[in-house]
Amino acid sequence: MMLIAAGWVSFLLLAGGLALDHTVTGIVTRNFDEQLGYMLTGMIGSAEIGPDGEVFFIRPLGDQRFLEPNSGLYWQIRAKGHEDFPSRSLWDRSLVVPEGHFDTHPHVYDSDQFPGEPLRVLERSIILPGSDTQWMFTVAASRRDLNEQIKMIRSILVYSFVALGFGLMLMAGMQTWYGLFPLRHVRRAIQKLRATGASRVTDPLPREVEPLVDELNALLAHTERQAEEARTHAGNLAHALKTPLTVVMNAATAKAPDLADTVIREAAVMRRQVDHHLARARAVGRRAVGQSRADVWPSLEAVLRAVERLYDQARFDLDGNHDVVVAMEKQDLEELLGNLIENAAKYGGGSVFVTVDATPNERFCEIWIEDDGVGIPEAERVRIFDRGARLDTGKPGTGLGLAIVRDVVEIYGGTVELAESEDLGGLLVKLRLPRIAA
C-alpha cells in the first residue's frame with residue numbers, strides 16, 4: 001500500500017509540477033513579450049520619415065535603458081538601401097535581423113547573437129506614411145532577468161512539491177498504519193487462540209474486522225466439523241472391520257476346516273465396508289474443494305442407459321425439468337441415481353418412473369424415483385438406510401447402496417426419504433438436492 005501510494009503521489013506531483021511549470025513559465029514569458037510589444041508600439045508610433053528619406057523619432061522613447069550602452073535593452077530600425085538606425089544602448093553592435101520576409105504582425109523569437117547575453121527579440125515590418133520602403137522595427141532585451149524569474153519560480157515549485165509530496169507520503173503512511181491497526185488485534189486473538197487451544201475467537205474486536213472474524217470462526221467450525229467427521233469415519237470403519245477380522249482370527253486359531261470359505265466371506269464383507277467408507281470420504285473431499293455443480297438431466301440419461309443394459313425387460317420413463325443444476329459433483333450425483341434407479345429396477349415390478357423437480361423449490365431440486373414393486377413397509381423405511389440392512393435377501397446385493405446414498409446426500413446438505421408411490425403403487429424415493437440458481 002505504501003509503495004502504491006508513493007508511486008501514485010510521485011506520478012501526480014511530477015505531472016502536476018510539469019504542467020504548472022509550463023503554465024507559469026508561459027505566463028511570465030508572455031508578460032515579458034508584452035513589455036517588448038509596448039516598446040515596439042511606442043517605436044512605431046514615434047517614427048516618421050525625414051526630408052532625406054531616413055526614419056527618425058519625433059519624440060524620445062521613455063525607457064532610459066535605451067540610452068545606456070550594453071544595458072540589455074535595445075532597438076533597431078533597418079531597411080534595404082538605408083543605414084541602420086540603432087539605439088545608443090547597442091553602442092558598436094547591431095542586431096542581426098533575417099531578411100527576405102515581411103512580418104505584418106509582431107514576430108518574437110530567442111537569439112544568441114550576442115556572446116554571453118541571450119536575447120528575446122521582437123520584430124515587425126512597417127511601411128511608414130510618405131515612404132514605400134519596408135522598414136524592420138526590432139526590439140531586443142536580454143533574457144537574463146526572464147531566466148532569473150523562471151529559475152526562481154521553478155525553485156519555489158520544486159521545494160513546494162517536495163514538501164507537499166513528503167506531507168502526502170506521511171499522511172498515507174499514517175492512514176495505512178491506522179487503517180490496518182485493527183488487524184493487529186486479530187493477530188493477537190489468533191495467537192491467543194493457538195496458545196490457549198480455544199476453538200473460537202471471542203475477544204471483543206473492532207467493528208471493521210468483525211466480518212473477518214466471523215469468517216474465521218466459520219472456518220474454524222468447518223475444520224472442527226471435518227475433524228470430527230474424520231474421527232467418526234475412522235471409528236466406524238474400525239468398528240466395521242473389527243468383527244470380520246475377529247471371525248477370521250478365531251477360524252485361523254481353531255484351524256477350522258472351512259477357513260478358506262470364512263476368509264473369502266469375511267474379506268467380501270470388509271471390502272464392502274471399505275468401499276462404503278471410501279465413497280463417503282471421496283464425497284467429503286470433493287465437497288471441500290469448492291463449489292460443485294452437475295446437470296441433473298444428462299446424468300439421469302447416462303445412468304438410465306447403463307441400467308437399461310442390465311435390466312432390459314424393465315420400462316423406464318423420465319420426465320420433468322431439463323435445466324436443473326445441483327450443487328454436487330457429477331460423479332457423486334450419478335452414483336446416487338445409479339443406486340436408486342438400479343434398486344427400483346431390481347426390486348420393482350418392471351416399471352420405473354423418474355421425475356425431476358417434482359415439487360419446484362427455489363433452494364432444492366426434488367427427484368422422485370418410483371417403481372411398481374411391493375414397496376417397503378413404513379416401519380422398515382428408517383432401518384433400511386442402515387449399513388448392511390436388506391429386506392429381500394433372495395436377490396444379490398451388499399446392503400450398502402442406500403447407506404451410501406444417505407451419507408453422500410447428507411454430505412452435500414440434501415435429504416432422502418421413502419414413501420409409497422400413489423401412481424405405481426410401489427416405493428417412492430424422494431431425493432432432495434441443493435440447487436444452483438440459473
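Listing for the model above:
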| read-out | value |
| --- | --- |
| Selection within region 312-326 - surrounded by fewer than 20 Cβ atoms within 10 Å (Cβ to Cβ) and touching a residue at least 24 places away in the same chain (Cβ under 8 Å) | Gln313, Ala314, Arg315, Phe316, Asp317, Leu318, Asp319, Gly320, Asn321, His322, Asp323, Val325 |
| Some residue of region 57-69 being open to solvent by less than 50 Å² (accessible area, probe 1.4 Å) and more than 19 Å from Val121 (Cβ to Cβ) | yes |
| Region 407-419 - residue that is modelled with pLDDT of 85 or more and touching a helix residue (DSSP H, G or I) at 6+ places or on another chain (Cβ under 8 Å) and, of those, farthest from Val325 (Cα to Cα) | Leu418 |
| Qualifying positions in region 342-375 - closer than 13 Å to Ser421 by Cβ, open to solvent by less than 30 Å² (accessible area, probe 1.4 Å) and not hydroxyl-bearing (Ser, Thr, Tyr) | Ala344, Gly348, Val352, Val354, Ile369, Glu370, Asp371, Gly373, Gly375 |
| Near pairs, Cβ below 8 angstrom, 6+ apart or cross-chain, from region 264-281 (farther than 15 Å from Gly235 by Cα and modelled with pLDDT of 75 or more) to any residue that is open to solvent by 70 Å² or more (accessible area, probe 1.4 Å) and assigned to a helix (DSSP H, G or I) | Glu266/Leu245 |
| Flag for Asn339 being open to solvent by 20 Å² or more (accessible area, probe 1.4 Å) and under 15 Å from Leu427 (Cβ atoms) | yes |
| Among residues of region 410-423, those that are open to solvent by 60 Å² or more (accessible area, probe 1.4 Å), assigned to a loop (DSSP other than H, G, I, E, B) and touching a residue at least 24 places away in the same chain (Cβ under 8 Å), counted | 1 |
| Selected residue (only one of Arg93, Arg124 is in a loop (DSSP other than H, G, I, E, B), of a type outside the set (Asp, Glu), in contact with a Phe, Trp or Tyr (Cβ under 8 Å, 6 or more places away or on another chain) and open to solvent by 10 Å² or more (accessible area, probe 1.4 Å)) | Arg93 |
| All positions within region 204-217 that are open to solvent by less than 50 Å² (accessible area, probe 1.4 Å) and either of a type in the set (Asp, Glu) or within 27 Å of the chain's Cα centre (by Cα) (or both) | Pro206, Val209, Val213, Leu216, Asn217 |
| Residue within region 138-148 that is more than 25 Å from Lys80 (Cβ to Cβ), within 53 Å of the chain's Cα centre (by Cα), surrounded by fewer than 17 Cβ atoms within 10 Å (Cβ to Cβ) and not charged (D, E, K, R) present | yes |
| Single residue of region 161-202 satisfying the filter (basic (Lys, Arg) and under 19 Å from His222 (Cα atoms)) that is most open to solvent (accessible area, probe 1.4 Å) | Arg194 |
| Phe102, sole failed condition from (1) open to solvent by less than 80 Å² (accessible area, probe 1.4 Å); (2) closer than 12 Å to Glu123 by Cα | (1) |
| Exclusive hit being among the aliphatic types (A, V, I, L, M) and modelled with pLDDT of 85 or more, set Leu164, Leu220 | Leu164 |
| Pairs with Cβ under 8 Å, 6+ apart, first in region 177-191 and touching a residue at least 24 places away in the same chain (Cβ under 8 Å), second open to solvent by less than 70 Å² (accessible area, probe 1.4 Å) and in a helix (DSSP H, G or I) | Pro182/Val209; Leu183/Val209; His185/Val209; Val186/Val209; Val186/Val213; Val186/Leu216; Ala189/Val213; Ile190/Leu216 |
| Residue in region 136-144 that is assigned to a helix (DSSP H, G or I) and either touching a residue at least 12 places away in the same chain (Cβ under 8 Å) or β-branched (Val, Ile, Thr) (or both) present | yes |
| Candidates Leu13, Leu36, filtered to the one that is under 19 Å from Asp110 (Cβ atoms), at pLDDT 90 or above and of a type in the set (A, V, I, L, M, F, W, C) | Leu36 |
| Selection count, region 105-121, where residues are open to solvent by less than 60 Å² (accessible area, probe 1.4 Å) and of a type outside the set (A, V, I, L, M) | 7 |
| Residue check for Val307: open to solvent by less than 20 Å² (accessible area, probe 1.4 Å), farther than 19 Å from Arg406 by Cα and of a type outside the set (Lys, Arg) | yes |
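The values are calculated or read from the model by the stated rules, or taken from the named source; none is laboratory data. No experiment lies behind these values; they were computed from the predicted model shown. Every residue, glycine as well, gets a Cβ built from its backbone with ideal geometry; the counts of neighbours run over all protein chains shown. The area values use the complete protein model at the heavy-atom level, side chains included, leaving out ligands, DNA and RNA. Shrake-Rupley method; radii C 1.70, N 1.55, O 1.52, S 1.80 Å.
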